[in-house]
Every structure is written in structure tokens, then in C-alpha cells.
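The values are calculated or read from the model by the stated rules, or taken from the named source; none is laboratory data. Since the structure is predicted, the reported quantities are computational estimates derived from the model, not experimental observations. Note that each Cβ is placed from the backbone with ideal geometry, even for glycine, and that neighbours are counted across all protein chains shown. Surface areas here come from the heavy atoms of the whole protein model, side chains and all, with no ligands, DNA or RNA. Shrake-Rupley method; radii C 1.70, N 1.55, O 1.52, S 1.80 Å.
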Amino acid sequence: MARRQRLCGLLLALAVAAVLVAAGAQGTCPGAPPRRGARVSVASFGGEGDGRTLNTAAFARAVASVERLRAPGGAELYVPPGVWLTGPFNLTSRMTLFLARGAVIRATQDTPSWPLIEPLPSYGRGRELPGGRYISLIHGSGLQDVVITGENGTIDGQGSMWWDMWKKGTLPYTRPHLLELMSSSDIIVSNVVFQDSPFWNIHPVYCSNVVIRNVTVLAPHDSPNTDGIDPDSSSNVCIEDCYISTGDDSIAIKSGWDEYGIAYGRPSSDITVRRITGSSPFAGFAVGSETSGGVQNVLAEHLNFFGSGYGIHIKTNTGRGGFIRNVTISDVTLDNVRYGLRIAGDVGDHPDDRYNQSALPVVDALTIKNVQGQNIKEAGLIKGINNSAFSRICLSNVKLSSGAPVRPWKCEAVTGGALDVQPSPCTELTSTSGTSFCTNSL
């Protein structure tokens, strides 16, 4: 039954992707995959796509060959049809990892042999536990010109064993991502299925010039912390035409955790998200809650979320510091969502007890417009922080309905404006000055 549901989800994802690509006139990310001067196959380095042979060494040899070739324009590592069981492996610069139709890169479940790496400096420790963290299945650091693409081949994290350890409280370190690229630039991820990640699926951190398009991300709704795509302290990021159905936020923009993120001081900025469809028990589109380096200049548009906890969730907390500003979210369709919108200053845990309780985040200039929702249980919550009220929050043409009356908005420590909002907005968003900002921002 579970396999049938997963197959139906994948078929739906591919159908949605085709529709989204046809809608490309609404704008598209810049950049196309470069032409490579050479091609090698993992099968030529002792790899066996039989689903049983461990190919970690074969992938390492193949990547080393790509690096040694120094071909004009770089080289492509081809993964033929088959199931390629492997432990974690690193990529290199000027490289394309190409998954053929029917190719599956499958993570080994031999968790004791999984390598550990240092915590991210903007997090200070593993996100789940003190100390280091398990390296991602596919990893790279300090790279330039990296492409991961193909013919909708699959990267399968076999996450169930990791999820069980998390549920039983037996994890020794923070779980691995499926893909993490650190301090890298000029990245394209496209036409690949990410499935059953142990933790977050796609995590570009300290990166620039990132394009993620035509990607499908799948995990059961009860899989813990399987975020879809999490750009983190990264700039010039474009995410479009993706289908995401996971156990946590479909997309969450982050920038470091409390005092460590404040000290590292690298914001996420200039991020575009468009034509995303998906479902999640948490948020369809989120910012936070780890935003200590700041998040600014974000455009998210043409979003379609169903069967989710929140349509839009902007989240931070006392001790985070940082800022969330100049964020525009528009043309959103919601169906069967508990909260249409939540903007809250009391979300998320802390890495330790050394965080500065006086480090209050600034949330300013958020515009949310052209949102249509049906089967919505609660309109939403906008709750700022005492001594750091959220400011210039604009809601325009936001209409949330249900067969039963939708529970009203709840607001606290917030200023801004509301135009053509149903159910009726809270009084904090009906001031003359706030309405003036709202009109100007549109």
C-alpha cells in the first residue's frame, strides 16, 4: 500500500512538473547546465548497480577521475540505470552528476560506518545534538560549477532507520542530509527525485548562485524533519517548478542559529521561489526559525499547497537576533490547510543556554498578497515580540474560506495594513499609516 501511494505521488509530481514547465512564461531562473568536455561512468570504476554491492569506493574513484581529467568545461559522472548502493561521497568542481532514467543512488543503512564532520559554524553544534554531525549522502565544500541533474533518476536516502533512531531517542549525532553543498557557487540541481532523506533533503549553505528547478522531493508525512529545500545563509538562489511532499516544511529559508548565527553574520538574500506545489504536515513556504544571520529580499510566488499545517509560516524567536525583511509572497492557492498564515516570534529551540535573551529579531516589510484558500480551519496568527513589534506587515487580497466559519485572525505586537482580507483582519492591521504602507508596497 505504501509503495502504491509513493508511486501515485511520483506520478502526480511528474504531471505537476509538466504543467509548471508549460507555465514558464511567468519567469524562470537564469542559467543553463554547461557543456562538459568529457564523460565517465561509475560502472567503469568497479561500480555495480545491483542494489547489493556497496559502491562508495567506486563513486570516490569516479569523482577523483573527473578531477584529474581537467577536461575543457569539466566532466560528467554518469550513473546508468540500476540501483547503486553507496555510503556518502564528495563531489568536485566543474562536474555534472547525471542520473539516467531508472538510476537510483541509494544510501546504505550501515549507519555506524557513516562519517562525521564538524558542525556548521553558524549553528555551533549539530542541529539535533551537541557535537559533530553525520555528513550528507552527497556532499561538497568550497566548490564551483556543480550540476546534479538527469532524467528524473532518484537519490534515495533510505531514511526509515534514521527516523526510528530519532523517535527512540538513540541518535548519537545529528542525522545526515541527502545533499549538502557548503561554501560553493554556481550550482544547478534539476530533474532529479529526492526520496526518504534521513533529515533535510537539499541544503545549500554559505552558497551563491544556486538554481534548483524541476525537482521532486518525497518523504512520508510522519518522517521527522525531512524539509524539502532549505537555502541557508546563501544568496542569489532561485527555486522553481518543484513538487515537494515531505514530513516537514516544503521550503524553509534559514541563516544560522542564535549566538552562532549572529557571530557568523551571513544572511540569506536575493531568493526567488516560484511555481511550487506540495503538501506537508508543517509549512508549505517558511522562513526560519533559524534566522540569526538575517533573511532579506525574498520573492515567493505562484505557490500551491494542500493538506498542510500552514500555508505560509514566518518564524523566529527571542535570542535569534537577525532580521526578516523585504519579503513578498504572492499568488498562493491553499486547500485543506489548518492555518492560512502564521508569522510568529515564539518558535524554535536554542542550541544551548548561552544565547542572548536580549537579541531580539527585527521583522519588517512583509507583503502577502493574492492568497486564495478553501477548507481553511484558522485564518492565522501574527504575533510579534514585546519590545520588538513586527512592523509594516501588509495583507492584500487574502481570502480564506471553509464550509464552517473560519476562525478569526489573532494579532499581537504587530503594525501594518490589510486590504480586501477575509475573514476580517485584526484591528492592529487597520491603522491609517499601516494601510498607506500596504498601498504603496503593492
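What to note about this one:
- For segment 373-392, the condition of being under 21 Å from T272 (Cα atoms), open to solvent by less than 30 Å² (accessible area, probe 1.4 Å) and part of a strand (DSSP E or B) holds for none of the residues.
- For the criterion of being under 14 Å from V147 (Cβ atoms) and either out of contact with any helix residue (DSSP H, G or I) (no Cβ under 7 Å at 6 or more places or on another chain) or of a type in the set (K, R) (or both), G74 passes.
- Hits in segment 57-87 - residues which are among the β-branched types (V, I, T) and within 20 Å of V193 (Cα to Cα): V79, V83, T86
One line per residue, one yes/no per condition, for (1) surrounded by 12 or more Cβ atoms within 10 Å (Cβ to Cβ); (2) polar (S, T, N, Q); (3) modelled with pLDDT of 95 or more:
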site	(1), (2), (3)
L400	yes, no, yes
A404	no, no, no
Q422	yes, yes, yes
T427	no, yes, no
T430	yes, yes, no
T439	yes, yes, no
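- Every listed requirement among (1) over 18 Å from V398 (Cα atoms); (2) acidic (D, E); (3) open to solvent by 10 Å² or more (accessible area, probe 1.4 Å) is met by E290 save one, (3).
- Residue in segment 120-142 that is aromatic (F, W, Y) and surrounded by fewer than 22 Cβ atoms within 10 Å (Cβ to Cβ) present: no
- Residue check for G340: crowded, with 21+ Cβ neighbours inside 10 Å, small (G, A, S), assigned to a strand (DSSP E or B) and touching a residue at least 60 places away in the same chain (Cβ under 8 Å): yes
- Residue list for segment 177-233, filter: of a type in the set (F, W, Y) and within 26 Å of G73 (Cα to Cα): Y206
- Exactly one residue out of G345, G309 is touching a residue at least 40 places away in the same chain (Cβ under 8 Å), farther than 22 Å from T28 by Cα and open to solvent by less than 40 Å² (accessible area, probe 1.4 Å): that is G345.
- Checking T149 against (1) buried (at least 20 other Cβ atoms within 10 Å of the Cβ); (2) of a type in the set (S, T, N, Q); (3) closer than 26 Å to S255 by Cβ, the condition it does not meet: (3)
- Highlighted here would be strands (runs of 3 or more DSSP E) found entirely within segment 154-266 that include at least 1 residues which are buried (at least 23 other Cβ atoms within 10 Å of the Cβ) and without any contact (Cβ under 8 Å) to a residue 12 or more places away in the chain, but there are none.
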